[in-house]
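> Below you will find the structure I want to go over with you.
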Amino acid sequence: MKITSSEEYGIRILIRIASANPVEGLSIPQLSEAEKLTEPHVAKICRTLRMEGFINSTPGYKGGYVLAKPAEQIVINDVLKALGGTLFDQQFCDAHTGLGRLCTNSVDCSTRSLWKMIQYTLDNLLNKLTLKDLMVNEKEVELKLEAILQRNMEELLK
C-alpha cells in the first residue's frame, strides 16, 4: 500500500487553496512555488480536482483556483478516491487471476477478506475527515484522528 504523489500533493494543494483568499484564490505558479512542484504537475492535479468538483477556476489575468464548496463539506476520502482510486474494489479480484481466467481462490479467499476489511477501515476513518479538519497543525490533526479511531473502536465493541 502506497500513497501516490498525486494524493499527497492533491491534499496539500487543496489545503493551500482553502487557506487562500476565497475570492482571488491561488494560481498554478503560486501553488507551484508554495509546494515546490513543477507547474505541469500542479496543473494536472488541479485539473483533476476541478473536474471532480473540489475547486473552481477564476477567470482573468489574476485568476486562480478557489474551493468549489466549503472546506467542511470536502470529505478527504472523496478527494483521495478522485486522485488515486481505492485500495480495494470488487474488480480487484478479476484483475489478479494469475494465469487463468478465474482466480484459483475465487470461491474461498482469505486474502479478499483482508483487503475488504482494510478498505472498510480506511473508508470509515476517511469519511469522517474533512479538508477543514486538516487546516490546522499536525498535533491537532493527530488528536482528531485519535478521537475518530477511539469512537470507531467503541462502536465496534458495542
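> Is the chain best put as rounded, prolate or oblate by its Cα gyration tensor, with a ≥ b ≥ c the root eigenvalues, rounded for a/c under 1.5, and otherwise prolate when a/b is larger than b/c, oblate when not?
Because a/c hits 1.5 or more and a/b fails to exceed b/c, the chain counts as oblate.
> Select from GLY84, SER110, ILE148 the residue farthest towards the positive end of the dipole of the chain; place +1 on Cβ of Lys and Arg, -1 on Cβ of Asp and Glu, and compute about the Cα centre.
Positive-most Cα among the choices belongs to GLY84.
> Taking the full set of protein chains and a 1.4 angstrom probe, give the accessible area of LYS69 in square angstrom, rounded to the nearest 10.
80 Å²
> Once the other residues with Cβ under 14 Å from the Cβ of LYS128 are scored (Lys, Arg +1; Asp, Glu -1), what is the net sum?
Around LYS128, the surrounding residues sum to -4.
> Would you compute, from DSSP H runs of 4+ residues alone, the mean residue ellipticity of the chain at 222 nm, taking -39500 (n - 2.57) per run and dividing by the full residue count, rounded to the nearest 500?
Using -39500 (n - 2.57) per qualifying helix, the result is -17000 deg cm²/dmol.
> Moving to a separate point now. Amide H of TYR65: which non-local residues (sequence gap of 5 or more, or other chain) have their own amide H closer than 5 Å, using H built in the peptide plane?
Sorted by chain and number, the residues that satisfy this are LEU26, SER27, THR58.
> Relative to the Cα centre, what is the charge dipole magnitude of the chain, using +1 at the beta carbon of each Lys and Arg, -1 at the beta carbon of each Asp and Glu, and rounding to the nearest 20 debye?
260 debye
> Further question: Report ARG16's accessible area, 1.4 Å probe, all protein chains in place, as a number in Å² to the nearest 10.
Result for ARG16: roughly 100 Å² accessible.
> Could you sort TYR65, TYR120, TYR9 by their accessible area in this structure, using a 1.4 Å probe and putting the largest first?
Descending order: TYR120, TYR9, TYR65.
> Using only the Cα atoms of region 10-73, build the gyration tensor, take square roots of its eigenvalues as a ≥ b ≥ c, and label the shape rounded, prolate or oblate: rounded if a/c is under 1.5, else prolate if a/b is larger than b/c, else oblate.
Cα axes put region 10-73 in the rounded bin.
> While we're here: Heavy atoms only, probe 1.4 angstrom, no DNA, RNA or ligands counted: give me SER19, SER32 ranked by accessible area, highest first.
SER19, SER32
> So, one more: Report the net charge of residues surrounding CYS46, where surrounding means a beta-carbon distance below 13 angstrom and charges are Lys +1, Arg +1, Asp -1, Glu -1.
So the surrounding residues net to +2.
> Between LYS36 and LEU125, how high is the FRET efficiency from 1/(1 + (r/R0)^6) when r is the Cβ-Cβ distance and R₀ = 35 Å? Nearest 0.05.
0.75
> Can you give the accessible area of LEU156 in Å² (nearest 10), computed on protein heavy atoms with a 1.4 Å probe?
Accessible surface of LEU156 is approximately 120 Å².
> A further question follows. Which lysines, if any, have their Cα less than 21 Å from the Cα of LYS116, not counting same-chain residues under 8 positions apart?
Of all the lysines, those that pass the test against LYS116 - Cα under 21 Å, at least 8 places apart if same chain - are LYS2, LYS81, LYS128.
The values are calculated or read from the model by the stated rules, or taken from the named source; none is laboratory data. Just so we're clear, the structure is a prediction, and the values are computed from it rather than from any experiment. Methodologically, a virtual Cβ is constructed for each residue, glycine included, from the backbone with ideal geometry; neighbour enumeration extends over all protein chains shown. For the accessible areas, the whole protein counts, side chains as well, though only heavy atoms, and no ligand, DNA or RNA atoms are used. Shrake-Rupley method; radii C 1.70, N 1.55, O 1.52, S 1.80 Å.
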